[in-house]
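Novice: First the structure, then my questions, so here it is.
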């Protein structure tokens with residue numbers, strides 16, 4: 001308003017008229033211990049819209065006959081307030097019916113980070129207009145998903161959890177110092193000493209430490225069966241990588257104005273704490289925000 | 001982890017383009033003050049406790 005460079009932009013609040021459903025999944029003991037979540041899939045059955053109802057709504061063009069379905073993870077904080085995180089969103093057509101699939105892996109990753117005892121997994125599904133505004137179609141009012149208690153359990157919401165047993169597909173901790181590393185060695189953390197006193201550039205510059213155990217990840221990881229690779233083509237091969245690292249503090253000498261003084265620095269990710277088998281392209285779990 | 005990677009990280013942290021060449025004579029007179037050593041030990045203990053989580 002007060003700048004010549006910008007024109008004032010007025011905003012309007014457009015009610016979305018969303019219909020919202022809360023899905024509650026009891027998750028305790030659903031995920032096997034020592035397993036890795038590969039993917040969590042929410043399956044919702046979209047019920048067909050009766051022809052008479054479609055007729056009452058007039059002719060809907062293919063573009064205007066869509067609604068946006070959004071899945072959010074709902075977390076009830078300790079103080080009783082709610083927080084939602086967007087998980088997946090897609091457009092559905094009112095002319096279609098059948099199972100609609102949403103990737104809710106991130107929601108289950110978030111849920112796993114909750115402190116115990118953990119609340120159930122709460123997924124909030126909302127159906128909104130594709131575009132807000134007075135001229136937008138009312139297609140979203142026609143989208144219905146089967147709920148729990150559907151006749152004979154048909155079309156009830158489902159949560160599919162796909163996991164890999166880390167006993168077979170994970171790393172094995174620290175390597176056996178007695179056994180040489182071969183092609184068949186299972187992914188493990190191997191000691192590797194970095195000798196700073198033996199490095200010419202560190203002479204008279206690095207005061208502490210004289211050297212340190214950096215460790216490295218060596219060995220190979222068992223690959224999932226081909227059927228799984230076909231199911232999730234976005235996942236690359238499982239590789240032995242450093243999954244947890246620690247920083248390395250150092251004391252170095254700094255020359256300033258003809259004087260030399262010691263200074264402490266901390267170099268991130270210098271020491272391997274844990275090696276894991278991970279698929280390239282797999283979702284990197286986001287940390288849970290307060 | 002190689003020596004070159006370590007050097008690169010150190011240069012980046014100190015915002016230097018190359019490793020400084022320091023005289024041995026300067027170093028012989030250099031004493032690490034107690035507060036600098038204490039800061040180093042604190043960071044060392046913390047780095048053993050905290051883990052940064054990668055992929």
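Novice: Report yes if residue A:197 is surrounded by fewer than 17 Cβ atoms within 10 Å (Cβ to Cβ), within 12 Å of another protein chain (Cβ to nearest Cβ), closer than 30 Å to residue B:38 by Cβ and at pLDDT below 95, otherwise no.
Specialist: yes
Novice: Mind listing whichever residues of the range A:262-287 are in a strand (DSSP E or B), farther than 30 Å from residue B:25 by Cβ and more than 7 Å from every other protein chain (Cβ to nearest Cβ)?
Specialist: The answer is A:271, A:272, A:274, A:275, A:276, A:277, A:279.
Novice: Regarding the range A:218-233, can at least one residue be identified that is at pLDDT 90 or above and either within 12 Å of another protein chain (Cβ to nearest Cβ) or under 26 Å from residue B:35 (Cα atoms) (or both)?
Specialist: The answer is no, given that none of the residues of the range A:218-233 is at pLDDT 90 or above and either within 12 Å of another protein chain (Cβ to nearest Cβ) or under 26 Å from residue B:35 (Cα atoms) (or both).
Novice: Name the residue, out of A:259, A:238, that is within 13 Å of another protein chain (Cβ to nearest Cβ) and surrounded by 17 or more Cβ atoms within 10 Å (Cβ to Cβ).
Specialist: The conditions single out A:238.
Novice: Going by what's in this entry, would residue A:237 be described as in contact with a strand residue (DSSP E or B) (Cβ under 8 Å, 6 or more places away or on another chain), more than 30 Å from residue B:35 (Cβ to Cβ) and in contact (Cβ under 8 Å) with a residue 60 or more places away in the chain?
Specialist: So residue A:237 fails the test.
Novice: Inspect the range A:191-203 for any residue being touching a strand residue (DSSP E or B) at 6+ places or on another chain (Cβ under 7 Å) and touching a residue at least 40 places away in the same chain (Cβ under 8 Å) and give the result as yes or no.
Specialist: So far as the range A:191-203 goes, no, none of its residues is touching a strand residue (DSSP E or B) at 6+ places or on another chain (Cβ under 7 Å) and touching a residue at least 40 places away in the same chain (Cβ under 8 Å).
The values are calculated or read from the model by the stated rules, or taken from the named source; none is laboratory data. What you see is a predicted model; the values in this text were computed from it and never measured. All Cβ positions, even for glycine, are placed from backbone atoms using ideal geometry, and neighbour counts span all protein chains on display.
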